[in-house]
Amino acid sequence: MAPTAGSDGKVAKKPRLPRNYPTEDKKKRLHPRQKFFGQQKRKLRANITPGTVLILLAGRHKGKRVVFLKQLNSGLLLVTGPYHLNGCPLRRINQAYVISTKTKLDIKGLKIPDRLNDEYFRRQKLRKPKHTEGEIFDTKKEVYTVSEERKQDQAEVDKQLLDVIRTNPEKKMLFGYLGAMFSLNNKQYPHLMQF
């Protein structure tokens with residue numbers, strides 16, 4: 001390396017480029033003890049328990065208050081609005097993107113269908129029409145539509161959850177609380193607030 005003098009008078013070495021480059025990139029082998037994502041243990045924050053009301057911080061429904069139902073195998077949280085109150089359907093969300101509140105619902109009697117797992121929420125690939133089918137310029141984008149199975153599952157879970165809210169002594173407050181959006185005003189700092 002050839003030494004060069006900087007503006008402050010110190011001598012710094014200038015890095016040289018390599019003389020040859022490999023034609024193919026070699027795949028790096030993983031360390032044998034390195035855990036893959038599928039083998040990692042999923043830890044849930046201590047203040048997030050089934051029935052806890054959470055505030056979503058990211059995504060299409062950010063600012064909405066939702067009820068935590070259970071943790072899925074992938075570590076993501078299964079939450080719902082309920083859809084009737086605030087328009088948030090059954091969704092998966094990472095626990096890094098939620099704020100847990102002190103408000104809790106007793107959902108021990110709630111029956112969540114077993115089919116509500118990670119595979120259930122996996123994105124469906126839309127089929128592109130082949131050029132042999134129909135006209136070349138007559139291609140319309142397929143739009144995602146909610147399946148009847150999802151609508152039925154949403155209605156089933158919402159019905160049970162709304163019954164739990166109705167039996168709660170503070171039901172009027174809960175209906176308004178879950179339906180309202182979360183936002184901060186001037187001089188309100190989240191790190192100083194208790195939720």
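Points worth noting:
To keep it simple, each residue is scored yes or no on (1) at pLDDT 90 or above; (2) open to solvent by less than 90 Å² (accessible area, probe 1.4 Å); (3) out of contact with any Phe, Trp or Tyr (no Cβ under 9 Å at 6 or more places or on another chain).
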{"position": "LYS111", "(1), (2), (3)": "yes, no, yes"}
{"position": "ARG127", "(1), (2), (3)": "no, no, yes"}
{"position": "HIS131", "(1), (2), (3)": "no, no, yes"}
{"position": "GLN154", "(1), (2), (3)": "yes, yes, no"}
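- Residue count, the stretch 174-195 (criterion: open to solvent by 50 Å² or more (accessible area, probe 1.4 Å), of a type outside the set (A, V, I, L, M) and part of a loop (DSSP other than H, G, I, E, B)): 8
- Hey, LYS104 among the basic types (Lys, Arg) and modelled with pLDDT under 90 or not: no
- Residue selected from the stretch 72-106 under the condition more than 30 Å from TYR189 (Cβ to Cβ) and open to solvent by 20 Å² or more (accessible area, probe 1.4 Å), by the criterion nearest to the chain's Cα centre (by Cα): SER74
- Flag: ARG92 matches the condition of being free of Cβ contacts under 8 Å to residues at least 60 places away in the same chain and charged (D, E, K, R).
The values are calculated or read from the model by the stated rules, or taken from the named source; none is laboratory data. All values derive from a computational prediction rather than experimental measurement. Cβ sites come from the backbone with ideal geometry, for glycine too, and all protein chains shown count toward neighbours. SASA here: full protein model, heavy atoms, side chains in, ligands and nucleic acids out. Shrake-Rupley method; radii C 1.70, N 1.55, O 1.52, S 1.80 Å.
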